[in-house]
Amino acid sequence: MRIGVVSDTHNHLANVARIAELFNAARVECVIHTGDITQAKTLHAFAALEMPLLGVFGNNDLERASLERACAELSQRFMDPPLRLEWAGRRIVVVHDPLDLCAHAHGADVALHGHDHRTVRDRRHGTLVFNPGECAGHLRGHNRVGVLDLVSLETELLYF
């Protein structure tokens, strides 16, 4: 099972359109957003995805009522972190802030986070920690999202 991982889109709609194209072309089975969507119109832009979108809210997701309405309308699932999943035999925890990993990643095979806009692909105490990094920037070619293979635990960065 291959999943897409994105974080900190910060309402950059042109980039979100490109992100949807990348994930559709990569044929991932779902996309996990690790927070900082910012506004409901970003979730509407993600409706171009051909697969489910779910994730956690971040510290810049202050328009919660409109975000929650958009989630309900679009059948997207977002919640306050941590989000815990079990797919392909892997225990996955999703948070926004990497400082929350200490409290929530114990026993997880995979921990996904965002917040700092930095790419992280580490192993910590047997857990793969992954943040694809910056995707809301304005520098073409430096933006990126991630693909995670849950069977092999290999990660790939897709630049745009």
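So the values come out like this:
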| quantity | calculated |
| --- | --- |
| Cα lying deepest toward the dipole's positive end in the chain, options CYS71, LEU99, VAL120, charges on Cβ | VAL120 |
| DSSP-defined antiparallel bridges as percent of all bridges, region 85-160, nearest 5 | 70 percent |
| The chain: relative contact order in percent, alpha carbon pairs under 8 Å with at least 6 residues between | 24 percent |
| Built amide H within the under 5 Å cut-off of MET79, gap 5+ | GLY55, VAL56, PHE57 |
| Within region 1-106, GluC sites (Glu not before Pro) in DSSP loop having at most 16 other beta-carbon neighbours inside 10 Å | GLU29, GLU50, GLU63 |
| ³J(HN,Hα), Karplus 6.51/-1.76/1.60, whole Hz, each residue of region 5-19, x for Gly, Pro | 10, 9, 8, 6, 6, 6, 6, 8, 5, 4, 5, 4, 4, 5, 4 |
| Label-point gap, in nm, between GLU63 and ALA14 - each point 7 angstrom along Cα→Cβ | 1.9 nm |
| Cα-projected label distance for HIS106 with HIS142, points at 7 Å along beta-carbon direction, nm | 3.9 nm |
| For region 54-160, diffusion coefficient by Stokes-Einstein and Kirkwood Rh (Cα), 4 °C, 1.567 mPa s, µm²/s | 88 µm²/s |
| For region 108-115, 3J(HN,Hα) per residue [Karplus equation, 6.51 cos²θ - 1.76 cosθ + 1.60, θ = phi - 60°, Hz, x = Gly/Pro] | 8, 7, 9, 10, 10, 8, x, 6 |
| Gain upon complete extension [LEU157, ASP116; 0.36 nm per residue less C-alpha separation] | 13.1 nm |
| Net dipole in debye of region 2-159 [+1 Lys, Arg Cβ; -1 Asp, Glu Cβ; about Cα centre; nearest 20] | 200 debye |
| In degrees, nearest ten, helix 64-74 long axis to first principal axis of the chain (Cα) | 90 degrees |
| Structure-based [θ]222 nm, the chain - -39500 (n - 2.57) summed over DSSP H runs of at least 4, per residue, nearest 500 | -6000 deg cm²/dmol |
| Two-site label geometry, ALA26 and ASP97: point separation in nm, points 7 Å out along Cα→Cβ | 2.7 nm |
| Per-residue ³J(HN,Hα) for region 153-160, Karplus 6.51 cos²θ - 1.76 cosθ + 1.60, θ = phi - 60°, Hz, x for Gly and Pro | 6, 8, 10, 9, 9, 10, 8, 8 |
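None of the figures in this text is laboratory data; all of them are computed from the coordinates on show. Only a predicted model underlies this, so the values are computations on that prediction, with no experimental measurement involved. Positions of Cβ are generated from backbone atoms using ideal geometry, with glycine treated the same way; all protein chains shown enter the neighbour counts.
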